[in-house]
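Down below is the structure, laid out as structure tokens.
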Amino acid sequence: MEITCPVSFTDFDRVLLGHGSGGKLSRRLIDTIFYPAFKNEWLEQNHDGCVFPMNAGKLACSTDSFVVDPIFFPGGNIGDLAVNGTVNDLACCGADPMFLTVGFILEEGLPLSDLQKIVYAMKIAAEKADVRIIAGDTKVVAHGQCDKLFINTSGIGAVPPDVCISPSKAEPGDVVICSGNIGVHGITILSTRESLGFETTLESDTASLNKMTSKLVKTITDVHVLRDPTRGGVGTTLNEIAEASKVKIELDEARLPVPDAVRAASEILGLDPLYIANEGILLVILPEKHAGEAVALLQQFSEGRQTCVIGRVLEPGGASVSMKTIYGNHRIVTMLTGEQLPRIC
């Protein structure tokens with residue numbers, strides 16, 4: 001007697017454990033959701049990996065995992081966040097991002113309509129960033145063993161031969177430039193969570209910044225540091241740079257681009273905007289003589305219209321970040337301790 005699987009291969013609207021089996025349901029999930037969105041000649045090699053051409057030179061690679069809660073939020077969802085996050089990590093190495101891989105951990109019971117929306121958002125984000133998703137993996141866990149879905153993205157990009165950007169290259173006489181408003185993503189995510197007692201009209205700033213960074217490093221060859229201040233915010237990121245470069249960094253509170261909605265929500269929640277996550281802004285450190293040119297260049301992009309100088313790099317020796325307050329005194333900006341905003345990206 002022929003034994004068959006009792007689960008229907010066609011009549012379902014939610015993720016089943018069988019979707020992670022490697023069998024017919026897995027194939028159907030790939031063929032109906034993933035391949036149509038990410039279709040390209042490299043992915044269609046249909047292998048455990050991908051072989052692709054690469055010119056001789058320097059490469060950058062990065063990987064990141066995304067567990068944001070909720071998976072849909074004003075301005076985006078976990079899908080475009082995952083693509084943009086890894087694209088930006090590569091861009092901050094001075095690379096032109098080229099290829100991504102994607103890994104999905106799906107919870108049994110996730111509506112396939114939600115998965116479709118997320119995959120489509122990834123498709124659009126990849127097209128905007130001009131990158132290709134060339135390999136991936138899908139696993140399914142039982143209901144209750146993960147929260148809806150988690151995504152891992154890894155990426156590879158090519159670094160131009162004359163570009164050398166590193167957190168250890170900040171020097172005295174450099175300025176610190178911020179390309180946009182601080183704290184928008186973190187407050188957006190918090191405003192969508194239940195029982196926090198406030199609402200905002202903010203939308204996440206998630207965006208790919210690689211076209212902006214590419215023009216910057218090709219126009220100004222003396223860019224020292226690029227960083228996207230995601231988890232831990234601007235304060236923690238600058239402390240990491242100060243530590244790597246063994247310099248002191250001073251911020252000017254009056255120049256910090258903190259929107260009124262972020263400032264108000266931070267006061268309600270007892271948070272410091274300097275430690276709130278961002279997903280669409282860039283910190284640039286370069287010699288002061290290039291500051292005006294860099295600001296004007298970044299302001300040409302929609303993602304960089306709020307670009308401004310927020311601080312400067314002081315003498316070497318030690319490693320610290322301070323801020324000149326609006327009252328004229330100074331306070332130390334330390335690295336974030338603990339987890340201020342869990343599952344923010």
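Points worth noting:
- Environment charge at Leu286 (Cβ cut-off 13 Å; Lys +1, Arg +1, Asp -1, Glu -1): -1
- Rounded if a/c under 1.5, otherwise prolate or oblate - the stretch 93-238, Cα gyration tensor axes: oblate
- Hydrodynamic radius of the stretch 106-173 per Kirkwood, over alpha carbon pairs, in Å: 15.6
- Cα lying deepest toward the dipole's positive end in the chain, options Ala121, Leu106, Pro161, charges on Cβ: Pro161
- Phi to ³J(HN,Hα) by Karplus 6.51 cos²θ - 1.76 cosθ + 1.60 over the stretch 291-300, Hz, x for Gly, Pro: 4, x, 5, 5, 4, 4, 5, 5, 5, 6
- Here the sum of -39500 (n - 2.57) over DSSP H runs of 4 or more residues, divided by the residues of the chain, equals -8000 deg cm²/dmol at 222 nm, to the nearest 500.
- Neighbour net charge for Asn152 - beta-carbon separation under 10 angstrom, K R +1, D E -1: -2
- Between Ile326, Ile133, Ile177, the GNM of the chain built on Cα springs shorter than 10 angstrom shows Ile326 fluctuating the most.
- Taking one quarter of the surface of the C-alpha convex hull of the stretch 226-266 gives a mean projected area of 3.6 nm².
- Order by protection proxy (mean Cβ within 10 Å, highest first), peptides 79-87, 242-250, 167-175: 79-87, 242-250, 167-175
- With kT/(6 pi eta Rh) evaluated at 20 °C and eta = 1.002 mPa s, and Rh the Kirkwood radius from Cα pairs, the stretch 228-333 diffuses with a coefficient of 146 µm²/s according to Stokes-Einstein.
- Global geometry of the stretch 153-302, whether rounded, prolate or oblate, following the gyration tensor of its Cα atoms and the 1.5 cut on a/c: prolate
- Taking a straight line from the alpha carbon of Lys324, these lysines sit under 26 Å away, with near neighbours fewer than eight places off in the same chain left out: Lys169, Lys246, Lys248, Lys289.
- Net charge dipole, the chain: roughly 380 debye, given to the nearest 20, about the Cα centre with Cβ charges of +1 for Lys and Arg and -1 for Asp and Glu.
- Partner lysines for Lys117 [C-alpha distance under 17 Å; skip if fewer than 8 residues away on the same chain]: Lys39, Lys128, Lys148
- Gyration tensor (alpha-carbon) shape descriptor, the stretch 169-233, a/c threshold 1.5: prolate
- Equivalent ellipsoid dimensions for the chain as semi-axes, Å, which come from the Cα gyration tensor, largest first: 39, 25, 15
- Under-5 Å amide H pairs with Gly232, H placed in peptide plane, nonlocal only: Ala277
- Within the shell defined by Cβ-Cβ distances under 15 Å, the residues around Gly20 carry a net charge of +3, with Lys and Arg each +1 and Asp and Glu each -1.
- Protection proxy ranking, peptides 178-191, 61-74, average beta carbon neighbours within 10 Å, highest first: 178-191, 61-74
Throughout, read-outs are computed from the coordinates displayed, never taken from laboratory work. Just so we're clear, the structure is a prediction, and the values are computed from it rather than from any experiment. Neighbour counts run over all protein chains shown; Cβ positions are idealised from the backbone, glycine included.
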